[in-house]
Amino acid sequence: MSVSDLVAKLTALVGSDVVRSDAVSLQAYSRDATPMFDGLPEVIVAPRNTAEVAKIVKFAHDTKTPIIARGAGSNLCAATVPLNGGIVMSMTNMNQILEVSKSEMIAVVQPGVTNLVLDQLVEKEGLRFVPDPGSRNVSTIGGNVATSAGGLRGLKYGTTRNYILGLEAVLGTGEVVRTGGRLVKDVAGYDVTRLLVGSEGTLAVFTEIIVALAPRPEASKYGVAYFEDLAAAAAAVEKIITSGILPATLEFLDNTCVVAVEDFAHLGLDTKAGALLLFGDDGDAISIEQSVSKMAEIAKSSTGCRGATLAADVAAADALLYARRCSLPALARLSSLSILEDIAVPRNAMAEVVNRIEGIGKKHGLRIGTFGHAGDGNLHPTIVLDKDNPKEVAAAELALAEIFALPLEFGGSITGEHGVGSAKLPYLEAKIGTANMQLQRNIKKVFDPAGILNPGRIGS
């Protein structure tokens, strides 16, 4: 089918006001937040309701046209780059919070609602939406569900998959199904909801999402500790966890990140430290005072600690959190291209893996800063390079292949929270095995027999 025919048929199907094919729009949707991946779609369509989504997907099925559902495009695994052309279906018009039930502690939302908007609304009811990915200000709930997004609170509270109770979704045939519901306890049939969470748009398009909410904590408190090296920081993390404390926040930055953040934000960080450990907790004021003070004491008593302090007030706490959240923009200033990656390893392997990542950087002549979630072993090695230097780009690709192989030596994963997308698909079989790869292909055929939903990714 020609592009003009495709545009004409979609316009007849849902109206010209939600169909775009101009060069500027196509270019805008040719990439997401993942560097080094791009592909031009043939048309953009932005449905307003479930019925329109179903029509569009059925049309794509009948005409064998590739279709990618997209939220804010903030993912970091090239999950929404239209490498096969076709239709990009933007879900941003479906951005309504349909219901908030304080008594049930749930909200019913459309996929285009952002984390921040939902959390700010339910705050008025004394509740919160717990998942907090780094892109929470712009990322959509639909995108969070598609990648099972994580964030800084993962150790204590879990990730997106722990907060999704039910879904309305459109299968690859255009059929609309509902999975799960409003209940915490519901074991009727296969847990299809759990299967769809993290499926990266390859099995269905979400049109309505029932999320679990949690009581908003009375207070929160944070502290920071500096260590001579990451091994010392990792040892302190183990002491904290085994002491019986389950922190809401336990984050680390290596020296490359500490120096970059201090140069970027001027927060008074100890740039001579080999590693920074940010720790914190939330809950009632008395309990968190005890838990955070105990974490500070454990850090101070740990070998290699250069010092630990507690944030004196909200402003100081916000500054500490900002130090962690601005790690990526701080590193990005160091060169014209930054590649933020995501692997996960057992906590007791974290120091060795970060040291080996540093060695990989030296081997290939690259600067790599690593930060991440110390409490759950989720690391974010970030390569900064000159995008116009072919040798550096080639070196970065070699380094990434070695980095993705690392966690498998320790029983870890090629991705903890960013997803697979196109960026990590070449490494997926090494992680899950040949039989599991075939199983995933078989599952996709059931949900999407024509293979039109986000083709070329998981299950393809």
Give region 402-460 a look and list any residue that's acidic (Asp, Glu) and in contact (Cβ under 8 Å) with a residue 24 or more places away in the chain, or say none. Glu402, Glu417, Asp448
Being among the β-branched types (Val, Ile, Thr) and surrounded by fewer than 22 Cβ atoms within 10 Å (Cβ to Cβ): is that true of Thr80 here? no
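Per-residue answers, yes or no, for (1) among the aromatic types (Phe, Trp, Tyr); (2) under 19 Å from Gly151 (Cα atoms); (3) touching an Asp or Glu at 6+ places or on another chain (Cβ under 9 Å):
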| residue | (1), (2), (3) |
| --- | --- |
| Leu76 | no, yes, yes |
| Leu83 | no, no, yes |
| Thr92 | no, no, no |
| Ile97 | no, no, no |
| Ala107 | no, no, yes |
| Val117 | no, yes, no |
| Leu121 | no, no, no |
Restricting attention to helices (runs of 4 or more DSSP H) lying wholly within region 286-382, give those where 1 or more residues are surrounded by fewer than 22 Cβ atoms within 10 Å (Cβ to Cβ) and at pLDDT 95 or above. 350-363
Can you tell me which residue among Ser199, Ser220, Ser243 is in contact (Cβ under 8 Å) with a residue 24 or more places away in the chain and either among the acidic types (Asp, Glu) or within 17 Å of Gly150 (Cα to Cα) (or both)? Ser199
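For the subset of region 404-436 comprising residues that are part of a helix (DSSP H, G or I) and in contact with a Leu (Cβ under 7 Å, 6 or more places away or on another chain), which member is surrounded by the fewest Cβ atoms within 10 Å (Cβ to Cβ)?
It comes out as Ala430.
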Taking the stated definitions as given, is Ala450 more than 28 Å from Val258 (Cα to Cα), among the small types (Gly, Ala, Ser), touching a helix residue (DSSP H, G or I) at 6+ places or on another chain (Cβ under 7 Å) and not in a helix (DSSP H, G or I)? yes
For region 422-460, which residues satisfy the criterion of being under 13 Å from His61 (Cβ atoms) and touching a strand residue (DSSP E or B) at 6+ places or on another chain (Cβ under 8 Å)? Phe447, Asp448, Ile452, Leu453
How many residues are polar (S, T, N, Q) and surrounded by fewer than 18 Cβ atoms within 10 Å (Cβ to Cβ) when one looks only at region 174-205? 0
Out of (1) surrounded by fewer than 17 Cβ atoms within 10 Å (Cβ to Cβ); (2) modelled with pLDDT under 95; (3) among the hydroxyl-bearing types (Ser, Thr, Tyr), the one Ser135 does not meet is (1)
Pick from region 8-55, criterion of a type in the set (Gly, Ala, Ser) and within 17 Å of Ile452 (Cα to Cα), ranking: nearest to the chain's Cα centre (by Cα): Gly39
Hey, Pro111 hits all of (1) under 30 Å from Lys55 (Cα atoms); (2) under 15 Å from the mean Cα position of the chain (by Cα) but one; which does it fall short on? (2)
Among the residues that make up region 260-283, is at least one of them farther than 20 Å from Gly372 by Cα and in contact (Cβ under 8 Å) with a residue 60 or more places away in the chain? yes
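The values are calculated or read from the model by the stated rules, or taken from the named source; none is laboratory data. Remember, it's a predicted structure, so these values are computed and weren't measured experimentally. FYI the Cβ positions are ideal-geometry reconstructions off the backbone, even for glycines, and counts take in every protein chain you see.
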